[in-house]
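Q: First the structure, then my questions, so here it is.
The values are calculated or read from the model by the stated rules, or taken from the named source; none is laboratory data. The model shown is predicted, which means the values in this text are computed figures rather than measured ones. Note that we place each Cβ from the backbone using ideal geometry, even for glycine, and neighbour counts take in every protein chain shown.
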Amino acid sequence: MPIDNHISVTATTQFLREHSDPSQQRYAFSYTITISNHGTKAARLLTRHWIITDGNGHTQEVHGEGVVGEQPLIQPGQSYRYTSGAILSTPVGTMHGTYTMLSNNGNYFDTLIAPFSLALPELVN
């Protein structure tokens, strides 16, 4: 599937201490994603594919429709932001993936989600 460079994706993360239990190897993180449309056509986010890797190199893949129960239509010059979460068995890991999108002219394309880190603040220099 073609890649569209007119859609950008940025991520910010936060460790959720109150939802974590290191004694049970449970580290909870939230991530806020901003998807911006720099093109000239509206695009609808149809599906997501995440690859989540913990600090031991174990990966899990997540496939699904939309994000947080929505399939947002992002107009040219607009952005869509949502927050979700991930649970790791280690205090550090990464996420990356793709969104499959449909432009309003009927073309399907993928948008790459560059790798970003999930880490306890005290582990980041």
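Q: So how many residues does the range 54-91 have that are over 13 Å from the mean Cα position of the chain (by Cα) and more than 18 Å from Leu102 (Cα to Cα)?
A: Going through the range 54-91 one residue at a time, the tally reaches 12.
Q: Identify all residues within the range 103-115 that are of a type outside the set (Gly, Ala, Ser) and surrounded by fewer than 17 Cβ atoms within 10 Å (Cβ to Cβ); write none if there are none. Break it down stepwise before answering.
A: Initially, the range 103-115 is screened for residues of a type outside the set (Gly, Ala, Ser), giving 104-105, 107-113, 115.
The answer is Asn104, Asn105, Asn107, Tyr108, Leu112, Pro115.
Q: I would also like to ask the following. Could you list, in sequence order, the residues of the range 78-103 that are in contact with a Leu (Cβ under 8 Å, 6 or more places away or on another chain), over 14 Å from Tyr27 (Cα atoms) and among the polar types (S, T, N, Q)?
A: Thr98, Thr100
Q: Shifting gears a bit: Output the qualifying pairs, or none if there are none: Cβ atoms under 9 angstrom, residues six or more apart or on different chains, first residue in the range 31-58 and within 24 Å of Tyr108 (Cα to Cα), second residue among the charged types (D, E, K, R) and surrounded by 19 or more Cβ atoms within 10 Å (Cβ to Cβ).
A: Going by the 9 Å Cβ cut-off, the qualifying pairs are Gly39/Asp4; Ala43/Asp4.
Q: Okay, moving on. Would you be able to say whether some residue in the range 40-52 is within 11 Å of the chain's Cα centre (by Cα), more than 30 Å from Ser23 (Cα to Cα) and among the β-branched types (Val, Ile, Thr)?
A: no
Q: Looking at the range 9-49 only, could you name the residues that are charged (D, E, K, R) and more than 18 Å from Arg81 (Cα to Cα)?
A: Here is the first cut: in the range 9-49, the ones charged (D, E, K, R) are 17-18, 21, 26, 41, 44, 48.
Within the range 9-49, Arg17, Glu18, Asp21, Arg26, Lys41 qualify.
Q: Report whether or not Glu70 is surrounded by fewer than 16 Cβ atoms within 10 Å (Cβ to Cβ) and in contact with a Lys or Arg (Cβ under 9 Å, 6 or more places away or on another chain).
A: Details: surrounded by fewer than 16 Cβ atoms within 10 Å (Cβ to Cβ): yes; in contact with a Lys or Arg (Cβ under 9 Å, 6 or more places away or on another chain): no.
No.
Q: Follow-up. Condition (residue is farther than 24 Å from Thr94 by Cβ and either loosely packed, with under 12 Cβ neighbours inside 10 Å or modelled with pLDDT under 95 (or both)) applied to the range 46-63: is it met by at least one residue?
A: No: zero hits.
Q: Identify the single condition in (1) out of contact with any Phe, Trp or Tyr (no Cβ under 8 Å at 6 or more places or on another chain); (2) crowded, with 18+ Cβ neighbours inside 10 Å that Gln75 does not satisfy, given that it satisfies every other one.
A: For Gln75, the failing item is (2).
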